[in-house]
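> This is the structure I have questions about; it appears just below.
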Amino acid sequence: MNKPSSMDCQIMWNRVIAVVEEQATTLIRTAFSTSVREAGDLSAGLFDNKGRMIAQAVTGTPGHVNAMAESVSHFIREIGLQNMYEEDVYVTNDPWMGTGHLHDITMVSPVFRAATLIGFFACTAHVVDIGGRGFGPDAGEVYEEGLLIPIMKFVDRGEVSQVMIQFVRANTRAPDQVVGDIYSLAACNVAGERRLQTMLDEFKINDINHLSDFIIETSRKVTCAAINKVPNGSYCYSMMVDGFEAPVMMKVRLDIDGERLVADFAGTSGMSKFGVNCPEVYTRAYACYALKCAIAAGLPNNTGSLEPFQITAPEGSILAARRPAPVSTRHVIGHLVPDVVLGALHSALPDVVPAEGASALWNIQISARPSDPDSGLPNKEVLMFNSGGTGARPYVDGLSATAFPSGVSTMSVEATEHVGPIIVWRKELLTGSGGAGKFRGGLGQIIEIEPRSGYDFYVNAMFDRVDNAARGREGGRDGAAGKVELADGTALKSKGRQFIKNGHRLC
């Protein structure tokens, strides 16, 4: 077998990106949950046998992808290379070794060629339920938030762990959906491996070591060169956000010196008593994403393009929560990390970064329960993703009702109503909500939801930017603050579990 040339490596680089995109597409097509099928709340990627990410699917969220980039090394350490076999599949949803909370299941499959381990395919998806209190911020410890699956074998040499499946079924409210998504995760890795093996056959090579080195070193050099173009200096920014029991101060300092960039979140508030805390892996994921978008946007995402960004947060802060802190809705704070980072970077690159936006998804988990327990109607779990507008950009308006930085798609009303007993009466852009200026921010939206006849709702709210609206920049006005209420004007809490009786509409 000949060592591939640089031209061959470039061709194969493009091919492996197509491979992981097909991997992600397989997950979307086979998934049971609307959060995966409709919104693309997932990630997929190819890793070398050292656990370094060499390609990621374009479809997916930065919180999943960039956190997953770290997680494969945990699998290698915990399982051990000597215990890995063909037809194995490994799994976890450990927030500190995966992507930040229990609702994300990460699946890793080793790839063998000529009986030698050459790499891994990995993927992540958000499941509709993982037990415990449900997807919401009310828990006081991670133990209350659901079933934690340690790094373990889901498939051992072709044999599925029926014990694990039994545990999942016994601890989740929607077992068919959750177990179905677990199998979908495993299936998408199989699809990726099939395409990779075909590529290796075509190029007549038996490993991806040279390709991996080429991709990672090329990406690292280009990223470092891009950082080197940013003016040297120290740039700071702070932002107050709602938090749960108390407001949260988020602070960052960017130190840029040549090819070196360090983002330090010292001064950020300490951990919350409730589930809005972020494991540091999730903070790093979104901080890296923001920096890469602004500084090296055109480069494919991999270990080489991520490593030059050094991200630190004080242990025990809300952005580096210690186990067993509750972390179920870590996205509420984590999605605001790019606003802080970009705010600091604005001083260095004023013509590049946008103003603050809504940023954090307005996720809502609805537990629909029969108004009459003896009616025979089934319990249902419904998850909706909704988005406000992005901040104004230097030369153009912000995007309306767009999920930045998460990148997930809006679930269609029809798909959401199909999976649960809800009626969406209203979903429209909110005029004037973007914040006036030479270029305004993107518009938010108004949504009205009501239980269908025969059902009441328990709603897990996880919303921010209600008490602290997105701020304008360079003289632009602030965006509109969010609001949570019933149609009759009754105010609701922006976070936590609340009851909505049939006949009332959530706005």
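The values are calculated or read from the model by the stated rules, or taken from the named source; none is laboratory data. Keep in mind that what you see is a predicted model, and the values were worked out from it rather than measured. Neighbour counts run over all protein chains shown; Cβ positions are idealised from the backbone, glycine included. Surface accessibility is based on the protein's heavy atoms, side chains included, excluding ligands, DNA and RNA. Shrake-Rupley method; radii C 1.70, N 1.55, O 1.52, S 1.80 Å.
> Return the long-range amide H neighbours of Ala55 (sequence gap of 5 or more, or a different chain), with a cut-off of under 5 Å between placed amide H atoms.
Amide H neighbours of Ala55, under 5 Å, 5+ apart: Leu46.
> Give me the percent of the accessible area of region 64-131 that comes from carbon and sulfur atoms, probe 1.4 Å, all protein chains in place.
51
> Please compare each pair in Lys50/Lys229; Lys50/Lys292; Lys3/Lys292 to a cut-off of 25 Å on the Cα-Cα distance and tell me which ones are over it.
Lys50/Lys229; Lys3/Lys292
> Please list 3J(HN,Hα) in residue order for region 382-393, calculated via the Karplus relation 6.51 cos²θ - 1.76 cosθ + 1.60 where θ = phi - 60°; whole Hz, with x for glycine and proline.
My calculation for region 382-393 gives 10, 10, 10, 10, 10, 9, x, x, 8, x, 4, 9 Hz in order.
> Among the lysines, which fall within straight-line cross-link reach of Lys495, defined as a Cα-Cα distance under 28 Å, with same-chain neighbours fewer than 8 residues apart omitted?
The reachable lysines, counting only those whose Cα sits under 28 Å from Lys495, are Lys251, Lys273, Lys380, Lys427, Lys483.
> In region 50-186, if every C-alpha pair distance is counted and binned at 5 Å from zero, what percent goes to each bin?
With a bin width of 5 Å, the distribution comes to 2, 10, 21, 23, 20, 14, 7, 2, 1, 0, 0.
> Using the Cα centre as the reference, give the magnitude of the dipole from point charges on the C-beta atoms of the chain (Lys, Arg: +1; Asp, Glu: -1; all else neutral), rounded to the nearest 20 debye.
Magnitude of the dipole: close to 720 debye.
> If we sort 54-66, 101-113 on the protection proxy, mean other Cβ atoms within 10 Å, highest first, what's the order? Don't skip to the end; give the middle numbers.
Numbers: 54-66: 26.5, 101-113: 24.6.
Highest-to-lowest ranking by the protection proxy: 54-66, 101-113.
> OK, next. If you count, for each residue, the other Cβ atoms within 10 Å and average over each peptide, how do 365-372, 36-43, 17-24 line up from highest to lowest? Each step should come with its number before you reach the end.
Working: 365-372: 18.4, 36-43: 26.2, 17-24: 22.1.
Averaged packing, sorted descending, gives the order 36-43, 17-24, 365-372.
> If you average the C-alpha positions of region 321-386 and of region 267-281 separately, how far apart do those two centres end up, in angstrom?
Measuring centre to centre over Cα atoms gives 14 Å.
> Largest first, what is the accessible-area ranking of Phe265, Phe439 with a 1.4 Å probe?
Most to least solvent-accessible, the answer reads Phe439, Phe265.
> Show me, for region 241-249, the HN-Hα J-couplings you get by feeding each phi into the Karplus relation (A = 6.51, B = -1.76, C = 1.60, θ = phi - 60°), rounded to Hz, glycine and proline as x.
10, 5, x, 10, 7, 7, x, 10, 9
> Within 10 Å, count the other beta carbons around each residue, average over each peptide in 448-459, 311-322, and list them highest first.
Those peptides, ordered most packed to least, come out 311-322, 448-459.
> Please label the shape of region 1-110 as rounded, prolate or oblate, based on the square roots a ≥ b ≥ c of the eigenvalues of the alpha-carbon gyration tensor (a/c under 1.5 means rounded; beyond that, a/b larger than b/c means prolate, else oblate).
It comes out oblate by the Cα gyration axes.
> Applying the Karplus parametrisation 6.51 cos²θ - 1.76 cosθ + 1.60 with θ = phi - 60° to the phi angles of region 308-323, what ³J(HN,Hα) value in whole Hz is obtained for each residue in order, glycine and proline being reported as x?
Whole-Hz 3J(HN,Hα) from phi for region 308-323: x, 8, 9, 10, 9, 9, x, 4, x, 7, 5, 9, 8, 5, 8, 4.
> Another question, if that's okay. Could you pull out the chymotrypsin sites (Phe, Trp or Tyr not before Pro) across region 358-406 that fall in loop regions by DSSP (anything but H, G, I, E, B) with no more than 12 other Cβ atoms inside 10 Å?
For chymotrypsin sites (Phe, Trp or Tyr not before Pro) across region 358-406 that sit outside H, G, I, E and B with at most 12 neighbouring Cβ atoms in 10 Å, the list reads Tyr395.
> Moving on to the next point. Simple spin-label model, 7 Å along Cα-to-Cβ: Met249 to Asp488 in nm?
About 4.2 nm separates the two model spin labels.
> Given an 8 Å cut-off on Cα distances and at least 6 residues of separation, report the relative contact order of the chain as a percent.
14 percent.
> If eta is 0.692 mPa s and T is 37 °C, what Stokes-Einstein diffusion coefficient results for region 296-447, Kirkwood Rh from Cα pairs, in µm²/s?
For the chosen part, D equals 179 µm²/s.
> Could you pull the accessible area for Cys236 with a 1.4 Å probe, rounded to 10 Å²?
90
> Can you give me the long-range amide H partners of Ala436? Hydrogens built in the peptide plane at 1.01 Å from N, cutoff under 5 Å, separation of 5 or more residues or another chain.
Here the answer is Arg477, since their amide H atoms fall under 5 Å of that of Ala436.
> Return the long-range amide H neighbours of Asp456 (sequence gap of 5 or more, or a different chain), with a cut-off of under 5 Å between placed amide H atoms.
It is Arg369, Ser371, by chain and number.
> Additional query: Leaving out ligands and nucleic acids, and using a 1.4 Å probe, what accessible area per residue does the chain come to in Å²? Provide the component values of the computation, followed by the final result.
Details: 19580 Å² over 507 residues.
I get 39 Å² per residue for this part.
> Could you give log10 I(q)/I(0) at q = 0.05 Å⁻¹ for the chain, computed by the Debye formula over C-alpha point scatterers of equal weight, without solvent?
-0.18
> In Å and whole numbers, how far do the C-alpha atoms of region 37-82 stretch along each principal axis, longest first?
39, 18, 15
> What distance in nm lies between label points placed 7 Å from Cα along the C-beta direction at Ile446 and Arg426?
Distance between label points: 0.4 nm.
> Which loop-located GluC sites (Glu not before Pro) does region 242-310 contain, where loop means any DSSP state but H, G, I, E or B and the Cβ has at most 16 other Cβ atoms within 10 Å? Mind dumping the intermediate values first?
Numbers: sites: Glu245, Glu259, Glu280; in loops: Glu245, Glu259.
Loop-located and lightly packed - Glu245, Glu259.
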